Amino acid sequence: WDVMVSVSEVAWHRTRELGFTGSFQDSARYVELLADFIGVFDDMTDEPGHPALHPDPAVGYPEGQSLAQHLRRTGSKGLIYTSVRAPAPGGNCLVCFEPHAIQNVRPGASWDLVWDGTPHHSIAAVG
């Protein structure tokens, strides 16, 4: 797992929110949360064209919700999928459907994300 995938996902969503406000002035510190995930998870990293991975949220989000409902009904613990925001090889995400499968949560690295008037942001490791 690559922390920069998480940072890319967070930055994309925050940039989107700032766009809704019309102001790209913001700074925030994010702390990585590390955890152990217990169980076997479904894996769709070999399906990059799946509709749930469509980059347009108006398409991808409803498809993702439908997929998650189906997987939960069939007893899935969660899903590993390719990041839409950081699709480099190994750029994967995990959604866990069962909270008890998440164990040993602990803090990791900290990152400052800064938007200084444009949708382009800077990322700096802290400490």
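The values are calculated or read from the model by the stated rules, or taken from the named source; none is laboratory data. Here the structure is a predicted model, which is why all the values come from computation and not from measurement. Backbone-built Cβ (ideal geometry, glycine too); neighbour counts: all protein chains shown.
Counting the residues of segment 39-64 that are within 27 Å of Ala109 (Cα to Cα), surrounded by 14 or more Cβ atoms within 10 Å (Cβ to Cβ) and either in contact with an Asp or Glu (Cβ under 8 Å, 6 or more places away or on another chain) or hydrophobic (A, V, I, L, M, F, W, C) (or both) gives 1.
Among the candidates Ser76, Ser66, the residue that is polar (S, T, N, Q), in contact with a helix residue (DSSP H, G or I) (Cβ under 8 Å, 6 or more places away or on another chain) and over 20 Å from His13 (Cα atoms) is uniquely Ser66.
For segment 67-84, the set of residues classified as within 19 Å of Glu98 (Cβ to Cβ) and touching a residue at least 12 places away in the same chain (Cβ under 8 Å) consists of Leu67, Ala68, Leu71, Arg72, Ser76, Lys77, Gly78, Leu79, Ile80, Tyr81, listed by residue number. The set of residues in segment 93-124 being out of contact with any Cys (no Cβ under 8 Å at 6 or more places or on another chain), among the aliphatic types (A, V, I, L, M) and farther than 10 Å from Tyr30 by Cα consists of Leu94, Val95, Ala101, Val105, Val114, Ile123, Ala124. Tally time: how many residues in segment 115-126 are closer than 14 Å to Gly19 by Cα and either assigned to a strand (DSSP E or B) or without any contact (Cβ under 8 Å) to a residue 12 or more places away in the chain (or both)? The total comes to 4.
Which residue, of Pro48, Pro62, Pro55, Pro87, is more than 28 Å from Gly117 (Cα to Cα) and at pLDDT below 95?
Working: Pro62 fails: at pLDDT below 95; Pro55 fails: more than 28 Å from Gly117 (Cα to Cα); Pro87 fails: more than 28 Å from Gly117 (Cα to Cα).
Answer to the check: Pro48.
Among (1) under 13 Å from the mean Cα position of the chain (by Cα); (2) touching a residue at least 12 places away in the same chain (Cβ under 8 Å), there is one condition Tyr61 misses while meeting the rest; what is its number? Tallying (1) under 13 Å from the mean Cα position of the chain (by Cα); (2) touching a residue at least 12 places away in the same chain (Cβ under 8 Å), Tyr61 fails exactly one: (2). Against the numbered list (1) surrounded by 15 or more Cβ atoms within 10 Å (Cβ to Cβ); (2) in a strand (DSSP E or B), Leu67 comes up short only at (2).
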